[in-house]
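The values are calculated or read from the model by the stated rules, or taken from the named source; none is laboratory data. Just so we're clear, the structure is a prediction, and the values are computed from it rather than from any experiment. Here the Cβ positions follow ideal geometry from the backbone for every residue, glycine too, while neighbour counts run over all protein chains shown. Please note that ligands, DNA and RNA were not included when accessible areas were found on the heavy atoms of the full protein model with its side chains. Shrake-Rupley method; radii C 1.70, N 1.55, O 1.52, S 1.80 Å.
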Amino acid sequence: EHIEGRYGLFTIIVRGESVLSASVGFRTALDEGGLTGGLLAVGIGGLVLAFTAWWIYFDHPGHLTPGREVAFRWGYAHVVIFAALAAMGAGLHVATEALTGHADARVAALAVAVPVAGYLLGLSLVMLVTGTPLRSPRIVPKVVGAAVILVLASVASVAATVAGSAAGMVVLAAAMVLSTEDC
């Protein structure tokens with residue numbers, strides 16, 4: 001339980017740093033180009049991504065409290081989660097740069113979608129190493145959600161990718177809350 005608490009706190013710290021990075025990008029874009037619909041979508045979508053990432057991590061019983069036999073694998077699998085959370089903040093910063101013309105729009109869309117997908121796959125990996133079956137209703141939606149978000153980023157604008165990623169995370173969080181499965 002002690003190490004689980006530390007990993008949870010580290011997740012909060014990384015998420016906070018990501019929000020800081022995204023807010024700096026938002027402020028810079030706001031100062032440079034004013035408030036636009038795209039910037040508003042990225043700002044609100046970024047906050048929704050932060051909140052849903054937190055919710056999905058902490059309200060998901062399938063990946064908590066590893067036993068001794070899987071503790072190291074559980075810990076190393078968290079590296080994927082931490083890296084994805086850090087990259088999510090950087091991706092949101094790049095998204096704001098794209099809205100002001102300082103970054104490529106497709107690269108910016110992927111800079112958001114790849115970390116969001118990586119986060120979902122990282123959660124799935126942590127759950128797999130703790131014994132959750134691959135076909136579990138706790139894992140399959142995350143994998144499908146990651147794929148949908150990546151496809152969205154390959155065809156949609158930056159603002160639509162951020163908003164769509166946020167909407168996908170909301171759906172996953174709501175499905176998790178409404179699920180009656182006891183893991």
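Some points to look at:
- Top-ranked residue of the stretch 56-82 - restricted to ones that are of a type in the set (D, E, K, R) and either open to solvent by less than 60 Å² (accessible area, probe 1.4 Å) or touching a helix residue (DSSP H, G or I) at 6+ places or on another chain (Cβ under 9 Å) (or both), ranked as modelled with the lowest pLDDT: ASP59
- Residue list for the stretch 24-40, restricted to those being touching a residue at least 12 places away in the same chain (Cβ under 8 Å) and either surrounded by fewer than 17 Cβ atoms within 10 Å (Cβ to Cβ) or under 16 Å from the mean Cα position of the chain (by Cα) (or both): VAL24, THR28, GLU32, GLY33, THR36, GLY37
- Residues satisfying the stated conditions in the stretch 97-109, i.e. open to solvent by 10 Å² or more (accessible area, probe 1.4 Å) and either closer than 15 Å to LEU152 by Cβ or under 19 Å from the mean Cα position of the chain (by Cα) (or both): ALA105, ARG106, VAL107
- With respect to being closer than 18 Å to ALA22 by Cα and either open to solvent by less than 20 Å² (accessible area, probe 1.4 Å) or in contact with an Asp or Glu (Cβ under 6 Å, 6 or more places away or on another chain) (or both), LEU85 fits the description.
- Screening the candidates VAL112, VAL94, VAL151 for the property of being open to solvent by less than 10 Å² (accessible area, probe 1.4 Å), at pLDDT 90 or above and assigned to a helix (DSSP H, G or I) yields one hit, VAL112.
- The set of residues in the stretch 171-181 that are touching a residue at least 24 places away in the same chain (Cβ under 8 Å) and open to solvent by 70 Å² or more (accessible area, probe 1.4 Å) comprises VAL171, VAL177.
- Looking at VAL144, VAL158, VAL151, VAL140, just one residue is in contact (Cβ under 8 Å) with a residue 12 or more places away in the chain and out of contact with any strand residue (DSSP E or B) (no Cβ under 7 Å at 6 or more places or on another chain), and that residue is VAL158.
- The residues of the stretch 125-142 that are open to solvent by 20 Å² or more (accessible area, probe 1.4 Å), more than 14 Å from ALA71 (Cα to Cα) and β-branched (Val, Ile, Thr) amount to a single one, VAL140.
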